[in-house]
Each structure stands twice: as structure tokens, then as C-alpha cells.
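What follows is a set of notes on a single structure, which appears directly below.
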Amino acid sequence: MEIIFIITTLIITALLNILIKRRFVIEFFSIIASSVALFESIVVALKVSASGVYSPFVFFSVDSLGAIVMLIIACIGFIATIYSIQYLRQETAKGIIGFTRVRQYFVLLNIFLAAMFLAVTANSPIFAWISIEATTLSTAFLISFYNKPSAIEAAWKYLIINSIGLLLGFLGTLLYSTSVSSLGENGFVSWQSLMANVAHLDPLIAKIAFIFVLIGYGTKVGFAPMHTWLPDAHSKAPAPISALLSGVLLNVALVVLLRFKIITDAVVDQHFTQNLLIAFGLFSIAIATFIILNQKNYKRLLAYSSIENMGIIALGFGFGGLGILGAIMHMIYHSLVKSVLFLSAGTIFLKYSSTKISKIGGALAILPMTGIFFIIGFLVITGAPPFGIFFSKILIVSEGIKTYPIVSVLALFLMAIVFIGFFKHVSAMFFSEKSKDIKIGENSVWLIIPPAILLVIIIILSFYIPPFLSRLINDAVSHY
Amino acid sequence: MNILNLHFLLAVVFGIIIFLHITKKNFGAALSYGLQSLMIAVILFNSFFETGNVSLLFIALLIFIVKVIIAPVFFIKLIQKHELTFSVSTYLNTPLTLIIIAILTFAAHSQKFAPLTGIVPANQALLSLALASIFLSLFLVINRKGALSQIIGILSLENSIVAFTIFAGLEQSPMLQLGIIFNIFIWLVIARVFISMIYKHFGSLDITTMNNLKD
């Protein structure tokens, strides 16, 4: 019931926003919808934590990893909605956007959130595919939001590359259903029925299907070499949308991919999927590292960092064992900290009206709170102790060193380069001489509170995992 | 319908993709996509007659409305509005394109893909042709410089996957098929809006003119 309530609330809010002509009411309804989603997601997570799998209807099923990602969607969705209100008000005050754009934004934001909830809760792989495709369609106009040639180019690239990827993923998804096609079930194939009939799945077909699914959903996850759309899309979208794209959507696609991994592992030797994840993971880290080193745009820097971190998560799942625990922890920390960084980047953009690193001078003096958030975010995301990502990286690398020592050492080396590259850019932005023509001071307290809440959550989760979340993580580790 | 007739329908789907590779006119590409979709609808109608499953008739009718009528009309109106008579060229020249088409078709029929084409042994030839159509559609999207051609390529890829699904006996429940068709319809609307935006901002549908994004 909770899942249907979340999705209907978000969809109804999106529809109401089309009709409403007052900005305040649109903002109010969007906040209410995201609050409802957050509250109900916590209820679902508690139920999954208590019972293992929550499946109120045949069409919906939430497992432990699904519940964790639901919490991520709800938490960052809520924070991004709060931040969006002030962010868009500031942009309206600057004359960048008008009311129509604001309305379009909140309509699409609510549809986007609903589609992500559907993707992780859908009990059918095809239904999950439809939902993932819906996330592409709902975000295409959010990426081209500013209607500039570069934004339209980014959105077009996003639409075409993801559509091709997802069609290949669709073919892979259908190939998995060869095991159940003869069994009837009125054509409805669920994740459970795929798993139950895994003995009927031809190992060769399973291998081909996983490759299609890996390329398809891997495109959405941002694995190199299918990542080319990601830096463009994530850097051109409004900051709160970038936070959702980088912090949430990548994980949603990864969860769907991992569900296929479990099915494939039941048919063929699990080294097949593990080696593929390790190969794509390491390649993603390598590509992102060298581009981060010479990056000139701070939003693109964050986007490439997402590619790097999704690569690290893939390595964790590829290594198995403790690596999976590290990967799930990394997924949680990365989602939260990447959102902090993108929201802070949004505030910096509002102040400086530029996303070029060279144009940002003395940001710590000009935006003291945002500057501190960004610097802490940088320390968290690059794995500096004592924050959570330090431990998640340790877990992943320590597991990898046993079975894949060369890959692990290489990954560690690349992570160190990322730290150096990131540090160079952060120093240039925050510790350089401040720009004379920029007024000192934060634009609004409502641009500070949302990232501050996320940062507090990260710091708490770095040292203390609540029992219900701990059960979810442990259960997810044993399943994936 | 006997296997020869089905083979003919699928051969038309395949032939249209080759035509899409070499045609220089957008109008012909839009119409040929409609014809390709008609072949898919006829194959689904045939499944309805063979199985008596009414939901297949419903899906076939929806495909007919969305892909055979609405999509080509969308494209033709777009072509007329922006006077896009000639499509943008390909990255590879025609002889090279034809050589790659031949290689991809050969690969789809090779033993490498036997696990896929052998899902239903009786339909092996049909599945090989459907797989070749998938490869050629993918190559069409990559090789074409025009935004409209890319959209038609993606829709053609979707048609080829549907054909593969039918002959492999992998049809999904009517509700999910409805969801897929709805998705395609929305995709079509969004893609059309984007084409207009691209034309407005870049004055052409040539995607090589879009070079505002740099690392």
C-alpha cells in the first residue's frame, strides 16, 4: 500500500502542478509529496528490515537493496525538492527562468521521482525497464532546462545514447524470460519466477543476456565506455537535478543490473559476471581519473567523480565477499555526498554565474558555509578518514587484494590520483584570491540547510549505522 | 500464415533497414518506417489468428495506430515544417556501409549467435534475420549524422527487437506490452520536440554541427 501511495502522490502532484497557476502552491505540493515519499519509504524500509522482502501486491516487491535505494531516492528527493525552491527563486530573480519553467520543473521532478520509485519496487523486470526508460524521458527536458544550445546537445546525447542502451537492455531482459516463456503465468514474468525457473535457462543465453543487460543498464549507470552522455547531462541540468541524476539514478539502474547478476550467477560460474563488473569498474575509474586531473569545469568534475565512484562500486560487487559490503556502504555514502557537492556547486553557480573552475576565486571567503560543505564533501568523496567512504574503500580493496591483487593496487593508485586532481581543483576554487566583483555572503539560508542536513547524515552514518539499516545492509550482502 | 509468408514479412523489415541506410530523402525514410511497422503489426495479427489471443489483436491495433499512422505523420509534418527534404549524410560512404551491412548480416547468421537464433529451432532462419535487423538498426543509428535518421534508426531497432521477441516466443503480458507502447509513444513525442529544438538552435539536423560540449 505504501508503494502505491508514494507513486500516486507523486503522480497526482505532477498533474496538479500542470493546472496550478500559483508558484507557492506548486512548491508547497511538491514539498508535501516528497515528505510523504520520505515517510512511506522509511515505513517500507522498516518492514523489509523486519521481514526480508516486502511484496504487498504481485506487481511490487522490495528486497533489502531495493529498500536501501528507496531510502536514498526519498531522502535525496526530499532534500533536492527543498533546495530547488530557493534555487529556482534565485534564478527567477536573476531573470534566467520564468514561471512556466518553474512549473515544468516541478512537474518533471515529481514524475522523475515516481519513475525511480517504480524502477526499484517493480516486481517485473520489464516493468522495471519501462520505469527506467521513463526516468530518461522525464529527465530529458530537465537537462535541456535552460534551453541553451549546449544544454540541448547534452539532452539529445542523453536521449539517444540511453535509448540505444536501454533497448539493448530490453533485449537482454527478454532473453532471460526464455526460461519461463513456456510456463504460462499469463505472460507476467517476475524477478521471483525468473529465479525459480533458472534451471531452465540456457547458460549460453544467460551469458549473452547478461552482456546485453550490462551494456544496456551499464549505459545508465555510467560505466565507461558507455559513459559519454553522463558528464554532459549532469553538468547541464539544474543543480538539484544533477544531485538526483548522480546521487540517485545511477544506483537505481545498478540495482536492476545486480538483480540480473544474481540470476546469471545461478546458471553460470559467478566469475563470469564478476570479471565483467571488475573490467567495466576498473575501466570507468581509469577514464574518470585522467579526465578529473585536467578538468576545467567543476560540475563536470563532479560528474566524472560519479563515473569513478560507480566504478568503485562495480569493483566491490565484482570482488564479492566483504567487497559487497563495501560496495553497498559506498553506494549510500556516495549518493549522499555527491548530492551535497552538487547542491553546493549550485550555490557557487548562483554566486559566480559560471561553472568554470578558473572563474571561481576565493569561494571559501565569499561563500563560507557552502565552501566548508564543498571541502568536507571533497574529503568524504575522495576517501579521507574518518568518513565512511574511507572504510568502504578499505573494505573493497582489502577483499580485492586477496583475489585480484593487480586490479586492487591499480584501483588504489587511481584513487590516489583522483585525490590529487580533486585537491588541485578545490584549492584553486576555495583558497585562491577572491574575485573582487563578487559580493561576499551566502545567498540564502535555504541554500545552506539542505546540504547541511545531508552532511550531518553522512557524518552520523560514518560512525553509527542504525540497527534497521544495518539489518538491510547485511541482508543485501547475503543476497547479492 | 506459413513460414514462407512470415519470412517474406521479416525480409521486408530487413530490406527497409538497408533502404534506410542508403536513402538520401527523409520523406522516403519516414514512409518506409511506417511500412516496416506495418509488417510488425501484420506479424502480430498473424499471432492473433494462430493463437486466438484477443490481447494480441489489441496490441497489434495499438502498434498500427502508434507506429504505422502516428509516427510517420509526425515525421512528415516535421519534414514539411522545416523543409527537411534531404537527410544528412552518413559517416561512412555507401560502398563501405554496404560492406559492413554484409558483415553484420553474415555475423548474425553465424554459429557464434546460434544460442540466440536457436531459442526456437523451427524459427532459426527467422531469428537470424531478426538478429541481423537488430545489428543493422544499431549500425544505422551510429552511421547516420542526421537527428531524424537517428530517431528512425532507434525506432527501427525497437521494431527489430519486437520481431525477434515474437519469433522467439518471448511475448510479455498485454499490460506490460501496453506500457512498452505507451513508452514508445512518449519517446516519439519527446524526440520530435527535440528535433524542432535542434533545428531552431543549430539551423540543421546535422548532429556534427553540435559541438558546444567539451571536456
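The values are calculated or read from the model by the stated rules, or taken from the named source; none is laboratory data. Because the structure is predicted, anything quoted here is derived from the model rather than measured. For neighbour counting, all protein chains shown are included, and Cβ atoms are generated from backbone atoms with ideal geometry for every residue, glycine included.
When B:191, B:163, B:147, B:168 are screened for being buried (at least 17 other Cβ atoms within 10 Å of the Cβ), more than 9 Å from every other protein chain (Cβ to nearest Cβ) and under 19 Å from the mean Cα position of the chain (by Cα), only B:163 passes. Just give me the residues in region A:265-319 being within 30 Å of residue A:198 (Cα to Cα) and among the hydroxyl-bearing types (Ser, Thr, Tyr), in sequence order. Answer for region A:265-319, where residues must be within 30 Å of residue A:198 (Cα to Cα) and among the hydroxyl-bearing types (Ser, Thr, Tyr): just A:273.
Kindly evaluate residue B:173 against the criterion of being more than 8 Å from chain A (Cβ to nearest Cβ) and in contact with a helix residue (DSSP H, G or I) (Cβ under 7 Å, 6 or more places away or on another chain). Against the criterion (more than 8 Å from chain A (Cβ to nearest Cβ) and in contact with a helix residue (DSSP H, G or I) (Cβ under 7 Å, 6 or more places away or on another chain)), residue B:173 does not qualify.
Looking across B:126, B:138, B:131, one residue alone is closer than 15 Å to residue B:40 by Cα and either at pLDDT 95 or above or within 10 Å of chain A (Cβ to nearest Cβ) (or both). It is B:131.
Tallying residues that are free of Cβ contacts under 8 Å to residues at least 12 places away in the same chain, aliphatic (A, V, I, L, M) and more than 9 Å from chain A (Cβ to nearest Cβ) within region B:99-121 yields 3.
Close Cβ contacts (under 8 Å, 6 or more residues apart or on different chains) running from residues in region B:173-185 that are β-branched (Val, Ile, Thr) to residues that are buried (at least 19 other Cβ atoms within 10 Å of the Cβ) and outside any helix (DSSP H, G or I) comprise B:180/B:172. Flag not set for residue A:214, criterion: within 20 Å of residue A:159 (Cβ to Cβ), assigned to a helix (DSSP H, G or I) and at pLDDT 95 or above. Residues considered: A:235, A:246. Of these, the only one that is under 22 Å from the mean Cα position of the chain (by Cα), within 29 Å of residue A:339 (Cα to Cα), within 14 Å of chain B (Cβ to nearest Cβ) and assigned to a helix (DSSP H, G or I) is A:235. Across region A:183-201, the number of residues qualifying as within 8 Å of chain B (Cβ to nearest Cβ) and either in a helix (DSSP H, G or I) or modelled with pLDDT of 90 or more (or both) comes to 2. All of (1) surrounded by fewer than 21 Cβ atoms within 10 Å (Cβ to Cβ); (2) in a helix (DSSP H, G or I) hold for residue A:411 with one exception: (1). Across region A:414-449, the number of residues qualifying as assigned to a helix (DSSP H, G or I) and of a type outside the set (Lys, Arg) comes to 20. Residue count for region B:194-215, restricted to those that are part of a helix (DSSP H, G or I) and at the interface with another protein chain (Cβ under 8 Å from one of its Cβ atoms): 6.
At least 3 residues being of a type in the set (Gly, Ala, Ser), under 18 Å from the mean Cα position of the chain (by Cα) and within 27 Å of residue B:180 (Cα to Cα) is the threshold, and among the helices (runs of 4 or more DSSP H) wholly inside region B:1-104 those reaching it are B:26-51.
Looking across region A:139-150 at every residue that is within 9 Å of chain B (Cβ to nearest Cβ) and part of a helix (DSSP H, G or I), the one that is surrounded by the most Cβ atoms within 10 Å (Cβ to Cβ) is identified as A:140.
Let's see how each residue does on (1) modelled with pLDDT under 95; (2) closer than 24 Å to residue A:300 by Cα:
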| residue | (1), (2) |
| --- | --- |
| A:94 | yes, yes |
| A:115 | no, no |
| A:124 | yes, no |
| A:127 | yes, no |
| A:137 | yes, yes |
| A:140 | yes, yes |
| A:153 | yes, yes |
| A:160 | yes, yes |
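Here residue A:171 meets each of (1) under 30 Å from residue B:199 (Cα atoms); (2) buried (at least 22 other Cβ atoms within 10 Å of the Cβ) with one exception, condition (1). How about region A:265-381: which helices (runs of 4 or more DSSP H) wholly inside it have at least 2 residues that are free of Cβ contacts under 8 Å to residues at least 40 places away in the same chain? Filter on region A:265-381 gives A:271-293, A:368-381.
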